[in-house]
Amino acid sequence: MRRLLDFGLLALPLVFAQAAVAVDEASQEAFNNNCRTCHSWKKGDNRLGPSLHGVVGRKAGSAEGFGFSQSLQKSGVTWDEDSLDRFIANPEGLIPNNNMKPFTGIADAGTRKKIIDFLKSNPD
Ligand code: HEC
């Protein structure tokens, strides 16, 4: 009995560690599947779309070295969980005439949340 208990206590942190990794992988996968064609999360790595490094808390259209549309620059939006969620759900709904095309939005709230979790984790 005592040995069983010891084993249980030892195994507990392992279980938690594995759960954390699983969440990260699912979030990264959601980003890779939906956004990575156009966006990198590496700092300064602008591609078809701007680098999304540090995007949470940033003013829309302010990433250096990327030619944003006027619409995005003048939107007055600062990216937070709520504005990101609305933008990813329906970019034209939040900021009309933006250049994030032909991306039309992700209907599934769970997928959007995973992507936002990934952006919030702000990997290098
Ligand atoms: C087809 C290419 C493409 C895809 C796919 C795409 N984007 Fe974009 N994204 C862009 C472009 C281009 C812009 C710049 C838009 C503008 O200037 O109006 C942009 C802008 C953004 C911005 C504004 C950044 C800033 O600094 O203001 C965010 C946030 C963003 N994208 C998030 C995402 C996320 C999250 C996904 C995946 C769900 C995604 N994008 C998928 C091309 C894309």
Estimated vicinal HN-Hα couplings, Hz - region 63-78 in sequence order (Karplus 6.51, -1.76, 1.60; Gly, Pro = x) = 4, 5, x, 10, x, 6, 5, 4, 4, 5, 5, 9, 5, x, 8, 10
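Going highest first, how would you order 101-108, 84-91, 73-80 by mean Cβ packing within 10 Å? Provide the component values of the computation, followed by the final result.
Working: 101-108: 11.6, 84-91: 17.8, 73-80: 14.5.
Top of the packing list down: 84-91, 73-80, 101-108.
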inquiry  = Counting other C-beta atoms within 10 Å, and keeping those with at most 10, which DSSP coil GluC sites (Glu not before Pro) do you find in region 59-124?
reply    = E64
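Coordinate-derived values only; no laboratory data. Remember, it's a predicted structure, so these values are computed and weren't measured experimentally. Virtual Cβ from ideal backbone geometry, glycine too; neighbours counted across all protein chains shown.
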